[in-house]
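Structure below; questions to follow.
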Amino acid sequence: MSTLSGYKGKALSVLTSFNARVWADVEIETDKGNFRGIILPRSEQADDLHVVVKLQTGYNIGLAVDGIKALKEIGYKEAKYKIPEQEFPFDPKKPNVTLLGTGGTIASRLDYRTGAVIPAFTPGELYGAVPELADICNMKTVKLFGVFSENMGPEQYITLAEAIGREISNGADGIVIGHGTDTMHHTAACLSFMVQDSPVPIVMVGSQRSSDRPSSDAAFNLRCASHTASRGPIAEVMVCMFGPTSDSYNLLHRGTRVRKMHSSYRSTFRTVSDIPLAMCTPDSVTPLKKEYRKRRSDRNVKVDAVFDDKVAIVYYYPAMKPDIIDSLVENGYHGIVIAGTGLGHVNKPLYEPLRRAVQAGVHVFMTVQTLWGFAQMYVYDTGRDLMELGVIPASNMLPEVAYIKLGWTLGHTREREEVMKMMLTPVNGEITEREPHDGYLIFQGGLPEIEDFLGKYIR
């Protein structure tokens, strides 16, 4: 790396005038105040108007070059951002956990050449970064993929499900899956159908902040997930991520009822239309629900890893045109999940294309955009008309979960009655008989009827 890698134009001229180098520890006087930190390389695509400095707090800032009055180098040490892999120590008294790596931010670092967050850490490097994991369990690491979660799909789902089955059969006391957060809820739903009746916890974990950032949630999430997998009582597919924005506890969300609800908050995952399964820390699991699948001592697990990828989600919007539905039919899709308005509605121009779709053998299911609540299509004429056309209400399945389940179902059969039966028969909590009031109201806050819940479990 050159002494001023990535810098150009004005920024390069200013740094050259002070004989500054990338990775130098410097004191900088500016018109905004004085700063001390390490000069970082810049992205190749970055402007020439700023110098990037890592402060002693660990945070990076950009200093406008026009405001720099003086710069003094007081030390120099080129940074190495490679974390060496370390073999996980074995303690026969500790439970055995398998960490399956798929990629994502929990296994990422900053690429200073491009300024992008890139998959970089192998599962073995995660131990090098978080040695406290050895205090919790023995951990075997298997890197299945190294991709961002948007590149996960049926091929990866099947590979992952089969790997989980093998590890459980081979004696793993719990499974941790490192996964990118963007589509973690899709994969969690899919594994809930593909891996059934597990005797041990299957815990998906990620991070919203890359591992090289001081605000990273990666280490805390990994520790919580590892404890849950190795010692927790709940044998289900779960997502383990921040509860509040502070580093105080995580929540365990059922794989079929969880959704990423914020693009950047660390506490981005929320259980929808229910309450979370449990709270957890690096040394505890506190169930919030009484009903859950319990850990067992046997090695029996059912892996049912099939998927038909000719399924689509259609998010209805006012004035949607018929050709949207027609195009899916013409392109050979076998299933359509509609996220409809209100109780499960679309406009009348879509009626005929939906009729044609059903007649062509396409399986059409209705969910609701509201996320909370049920598709209750018998209430209004619109819903009744759609059901007459062959559109099937999907109860209170989340749209993404209905999409995943329909793909999994059509991997088994395309016979209409059997598809309907499989879709509407709950497998792992994707359909509930009713929604508890606190599953919705807890998100609104301040209502008397949830004060007891908040006081008991959160405050």
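Readers should treat all values here as calculations from the given coordinates under stated rules, not as data from a laboratory. All values reported here derive from a predicted model rather than from experimental measurement. All Cβ positions, even for glycine, are placed from backbone atoms using ideal geometry, and neighbour counts span all protein chains on display.
Mind checking which lysines have their C-alpha under 25 Å from Lys321, skipping anything on the same chain fewer than 8 residues away?
Lys310, Lys348
Can you find, among Tyr249, Ser263, Met279, the residue sitting farthest towards the positive end of the charge dipole of the stretch 237-287, where Lys and Arg contribute +1 and Asp and Glu -1 at Cβ?
In the stretch 237-287, that residue is Ser263.
Further question: Expected output is a single nm value to one decimal: the length gained when fully extending between Thr413 and Ser13, i.e. 0.36 nm times separation in residues minus the C-alpha distance. What is it?
Working: separation 400, 0.36 × 400 = 144.00 nm, distance 6.68 nm.
Taking 0.36 nm per residue and subtracting the Cα distance, the gain is 137.3 nm.
Follow-up. What is the order of Thr181, Thr382, fewest Cβ neighbours within 10 Å to most?
Taking fewest neighbouring Cβ atoms as first place, the list is Thr382, Thr181.
Still on this structure: Between Glu132 and Lys310, what is the FRET efficiency for a Förster distance of 41 Å, r being their Cβ-Cβ separation, to the nearest 0.05?
According to the calculation, E is roughly 0.35.
Karplus couplings for the stretch 22-28 from phi (6.51 cos²θ - 1.76 cosθ + 1.60, θ = phi - 60°), rounded to Hz, Gly and Pro as x?
Running phi through 6.51 cos²θ - 1.76 cosθ + 1.60 with θ = phi - 60° gives 4, 6, 6, 7, 10, 10, 10 Hz.
Something else: Amide H of Asn396: which non-local residues (sequence gap of 5 or more, or other chain) have their own amide H closer than 5 Å, using H built in the peptide plane?
Amide H neighbours of Asn396: Ala375, Thr432.
Now a separate question. Name the lysines eligible as straight-distance cross-link partners of Lys302: C-alpha to C-alpha under 17 Å, and not fewer than 8 places from it in the same chain.
In chain and number order, the partners are Lys294, Lys405.
Can you tell me the FRET efficiency between Thr159 and Gln45 if r is taken as the Cβ-Cβ distance and R0 is 30 Å, rounded to the nearest 0.05?
Numbers: r = 34 Å, r/R0 = 1.14.
Working from the Cβ atoms, E equals 0.30.
In percent, what relative contact order does the stretch 96-303 have, based on Cα pairs under 8 Å that are 6 or more apart in sequence?
Result for the stretch 96-303 is 22 percent.
If you look at just the Cα atoms of the stretch 96-303, how large are its Rg and its Dmax in Å?
Rg and Dmax of the stretch 96-303, Cα atoms, are 15.2, 50 Å.
Right, something else. Once amide H atoms are placed 1.01 Å from N in the peptide plane, what residues at a sequence separation of 5 or more from Ala339, or on another chain, have their amide H within under 5 Å of its amide H?
Amide H to amide H, under 5 Å and 5 or more residues apart or across chains, Ala339 pairs with Val314, Tyr315, Tyr316, Thr367.
Right, here's the next one. Could you tell me the calculated FRET efficiency between Trp372 and Phe90, based on Cβ-Cβ distance and R0 = 51 angstrom, to the nearest 0.05?
For R0 = 51 Å, the calculated efficiency reads 0.65.
Please compute the net charge surrounding Ala305, taking Lys and Arg as +1 and Asp and Glu as -1 over other residues with Cβ under 15 Å from its Cβ. Present the calculation step by step, with values, prior to reporting the outcome.
Numbers: positive: Arg166, Lys302, Lys405; negative: Glu155, Glu162, Glu167, Asp197, Asp304, Asp308, Asp309.
Computed value for this residue: -4.
Let me ask something else. About the Cα centre of the chain, how large is the charge dipole given +1 on each Lys and Arg Cβ and -1 on each Asp and Glu Cβ? Please answer in debye to the nearest 20. Before the final figure, lay out each step's value.
Numbers: 50 positive and 53 negative charges, 148 e Å.
Here the size comes out at about 720 debye.
A further question follows. Compute the distance from the alpha-carbon center of the stretch 25-52 to that of the stretch 290-355, in whole Å.
50
Report, by chain and number, residues whose modeled amide H sits under 5 Å from the one on Arg293, excluding near sequence neighbours (fewer than 5 apart, same chain).
Distant-sequence amide H within range of Arg293: Ala235.
Here is a further query. Please give the net charge around Ser230, taking every other residue with its beta carbon less than 9 angstrom from that of Ser230, where Lys and Arg add +1 and Asp and Glu add -1.
Combined, the nearby Lys, Arg, Asp and Glu give +1.
Please compute the modelled spin-label separation between Ala319 and Ser297, points set 7 Å along Cα→Cβ, answer in nm with one decimal.
Placing both labels 7 Å along Cα→Cβ, they lie 6.6 nm apart.
With loop defined by DSSP as not H, G, I, E or B, and exposure as at most 16 other Cβ atoms within 10 Å, which is the longest segment of the chain clear of exposed GluC sites (Glu not before Pro)?
Excluding the exposed sites themselves, the longest stretch runs over 88-290.
Per-residue HN-Hα couplings for the stretch 317-324, Karplus 6.51 cos²θ - 1.76 cosθ + 1.60 at θ = phi - 60°, whole Hz, x for Gly and Pro?
9, x, 6, 4, 8, x, 5, 4
Karplus couplings for the stretch 346-363 from phi (6.51 cos²θ - 1.76 cosθ + 1.60, θ = phi - 60°), rounded to Hz, Gly and Pro as x?
Working through the residues one at a time gives 9, 7, 5, x, 8, 4, 5, x, 5, 4, 5, 4, 4, 4, 7, x, 7, 8 Hz.
Another one. Considering only the chain, what is the antiparallel percent among its DSSP beta bridges, to the nearest 5? Please report the intermediate quantities before stating the final value.
Numbers: 44 of 76 bridges.
The antiparallel proportion sits near 60 percent.
Please report, to two decimal places, log10 I(q)/I(0) for the chain at q = 0.05, 0.06, 0.09 Å⁻¹ as given by the Debye formula with identical point scatterers on the Cα atoms and no solvent.
The Debye formula, applied to the Cα set alone, gives -0.23, -0.33, -0.69.
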